[in-house]
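Enquirer: Got a structure for you, questions after.
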Amino acid sequence: MRDNESREMYLETIYLLSRKENHVRSVDIANAMSFSRPSVSRGVSLLEKNGDLVMDEEGYLTLTAKGEAEAAKVYGRHQVLTRFLGSLGVSAKTAEDDACRIEHILSEETMAAIRKRVPRK
């Protein structure tokens, strides 16, 4: 994987897929992210090496405690940023898309300041 942003995007996608389905496979990730299967295979391999997920003998993916904690953190940032941007009058679609991009680059200090001002769901 190129960088932390890519890792976070994979983790968040797997996290969300696992909340909807009992089993997540690489093909599900490829479809959700519109990535090629070879790209996803490489990304999954790197996540495995990093200790973020495990793949069973049937190819099903499960986030480890470490991977799930990181994924939940990223998803939480995404939700807060989406609500924050929406509270500024940004359309729902644009707020969602922009939150997806900026959730990976904001510092914890900035996120803490935003959390203090974002409407609770």
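Enquirer: Does residue 25 meet the test of being basic (Lys, Arg), buried (at least 19 other Cβ atoms within 10 Å of the Cβ) and either touching a Leu at 6+ places or on another chain (Cβ under 9 Å) or assigned by TED's automatic domain parsing to the domain that holds residue 78 (or both)?
Expert: no
Enquirer: Say we look at the stretch 101-121 and pick out the residues that are touching a residue at least 40 places away in the same chain (Cβ under 8 Å) and exposed (fewer than 15 other Cβ atoms within 10 Å of the Cβ); which of these is farthest from the chain's Cα centre (by Cα)?
Expert: Checked the stretch 101-121; the qualifying residue farthest from the chain's Cα centre (by Cα) is 121.
Enquirer: Quick check on the stretch 28-66: of everything there that is of a type in the set (A, V, I, L, M) and out of contact with any strand residue (DSSP E or B) (no Cβ under 9 Å at 6 or more places or on another chain), which residue is surrounded by the fewest Cβ atoms within 10 Å (Cβ to Cβ)?
Expert: Checked the stretch 28-66; the qualifying residue surrounded by the fewest Cβ atoms within 10 Å (Cβ to Cβ) is 65.
Enquirer: Checking residue 26 against (1) modelled with pLDDT of 95 or more; (2) more than 15 Å from residue 60 (Cβ to Cβ); (3) of a type in the set (S, T, N, Q), which single condition isn't satisfied?
Expert: Here residue 26 meets the rest and fails (2).
The values are calculated or read from the model by the stated rules, or taken from the named source; none is laboratory data. Not measured: the values here are computed from a predicted model. In this analysis, Cβ positions are derived from the backbone assuming ideal geometry, glycine residues included, and neighbour counts consider all displayed protein chains.
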